[in-house]
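Structure record follows, encoded as structure tokens.
The values are calculated or read from the model by the stated rules, or taken from the named source; none is laboratory data. A quick note: this is a predicted structure, and the numbers were derived from the prediction, not measured. Here the Cβ is made from the backbone with ideal geometry for all residues, glycine too, and neighbour counts use every protein chain on show. Heavy atoms of the whole protein, side chains included, go into the accessibility calculation; ligands, DNA and RNA do not. Shrake-Rupley method; radii C 1.70, N 1.55, O 1.52, S 1.80 Å.
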Amino acid sequence: MELKELYSPTFIQRLGAAVQREFPAVHPDQLLSDCLAGDWSELKLMERRERIVTSLHRQLPADFEQAAPILRAIAPQFTGLAAVCLPHYVARYGLAHWSTAMSLLEELIRYSSSEFAIRPFLVRYPQATEAQMLRWAHDRDAAVRRLASEGLRPRLPWGSRLAQYVTDPTPIWPVLRVLMTDESEYVQKSVANNLNDISKDHPQAVIDWAQTYWDRTPQTTWILTRGLRTLFKQGNPTALALQGYALTAADHLTACSLTPVHQAAGLGTATTLQYAVTADTEQPLSVYLGYRVHYVRQRQAPTTKDFYLKRTTIQPGETVWGQLTRPWRQLTTRKLYSGDHVIELLVNTRVVATAHVQLAVGDSN
């Protein structure tokens, strides 16, 4: 099932019926026909969310203070990704009602996700909303604490970019300071993703932060390992060193090879490649083995994707060998095209060997 089908006619009928029980003036059949009109089948997930919210607003009270209790009442009946339409309603029509909106978003986060909806409030009321996020960072509910971090992410996928924090992440640090030792993995992942976002524009600030918190607790080290992933892939020496890897390890390897079993591949198949590296050193080498695929793009420069193989220690004179398998299938996030796909073997993020695979997709237009 395509992701956009989360917003199906059945979902809209359920939503309309739930709202009607709280506000009888709503007509579920009209809501359904409004949503499905015109180009509905062509709309993507978030576009369908927008259509639903706009259609619902036509029937709910125009005054957000009157609509808010209705949304609060129906919220427990809708969970998961599809339920983000309710926080989005708050973002669209509650922006002039900061206090009511904050209270409602705090409730809605318990059933779905409010990190997209909080962002317009951070833009219009930065100081007040940042203070609210800091209060949420101390909440007993992990979902609310996660919102404090996730909503502040400068580059949240699917969310509007928060240019103010891309430029200056200073207001984010107090929230992350509270959450760095959070016991919830749900929260920890968000903190790591926030740090990773910040590292794309302020790498040294994240390095300084990591050096401060590294090895304080198992949780902080886990968070930082994930939060440094972009800098690690870029070969930042400090990010590598914190995790016990030297960028110079590749200089002490010989006979590095990466060889495809078959150099031709087709869509729906997989390519197996054999790799080997030998340590030419008197000391053991800590290595992070990975590989990078340069995907052919249509009329564009290739795009790359890094994949993890293993972490290991190579003893002096030892050869580490193995094989990797790269499947060739179409994804919603990445379309494959015919052509020469370059695959590189990585040791501590540095390229040590290269292979070529000729992929045939059929009609690549």
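Before moving on, here are some points about what is shown:
- Counting only alpha carbon atoms, the long axis of helix 218-227 and the longest principal axis of the chain meet at about 90°.
- Of all beta bridges that DSSP places with both ends in the chain, some 95 percent have antiparallel geometry.
- In the chain, the longest principal axis of the Cα atoms and the axis of helix 9-22 are about 40 degrees apart.
- Under the simplified labelling scheme, the Ala25-Ala96 pair shows an inter-label distance of 1.7 nm, with each label point 7 Å from Cα along Cα→Cβ.
- Computed Kirkwood radius, in angstrom, where 1/r is averaged over Cα pairs of region 210-270: 14.5 Å
- Distance between the modelled labels on Gln127 and Trp214, one decimal in nanometres: 3.8 nm (7 Å Cα→Cβ projection).
- Part-to-part distance (alpha-carbon centres) for region 326-353 and region 181-241, which is given in Å: 26 Å
- Working from Cα pairs under 8 Å separated by at least six residues, relative contact order for region 223-365 is 29 percent.
- Each principal axis of the Cα atoms in region 161-251 has its own extent, and those three values, largest first, are 41, 30, 20 angstrom.
- On the principal axes of its alpha carbon atoms, region 93-148 extends 27, 20, 17 Å, with the longest extent given first.
- Accessible surface of the chain [probe 1.4 Å, protein heavy atoms]: carbon and sulfur percent: 50 percent
- Over 22 Å [Cα-Cα, region 242-322], rounded percent: 37 percent
- Compared with the dominant principal axis of the Cα atoms in the chain, helix 98-108 is inclined by about 60°.
- Estimated FRET transfer efficiency (Ala73, Ser33; beta-carbon r; R0 25 Å; 0.05): 0.55
- Computed on region 169-289, with alpha-carbon pairs under 8 angstrom and 6+ residues apart, the relative contact order is 19 percent.
- Overall form of the chain per C-alpha gyration tensor (a/c, 1.5; a/b vs b/c): oblate
- Annotation note: trypsin sites (Lys or Arg not before Pro) in region 9-77 located in DSSP loop regions with a Cβ neighbour count of at most 12 within 10 Å are Lys44, Arg58.
- Estimated from helices alone, the mean residue ellipticity of the chain at 222 nm is -12000 deg cm²/dmol (sum of -39500 (n - 2.57) over DSSP H runs with n ≥ 4, per residue).
- The residues of the chain expose, per residue, 47 Å² of accessible area to a 1.4 Å probe.
- Difference of contour (0.36 nm per residue) and Cα-Cα distance, Arg299 to Asp251: 13.7 nm
- Mean-position separation - Cα centroids, region 282-302 and region 75-144, in angstrom: 39 Å
- In region 1-71, Cα pairs under 8 Å separated by at least six residues give a relative contact order of 36 percent.
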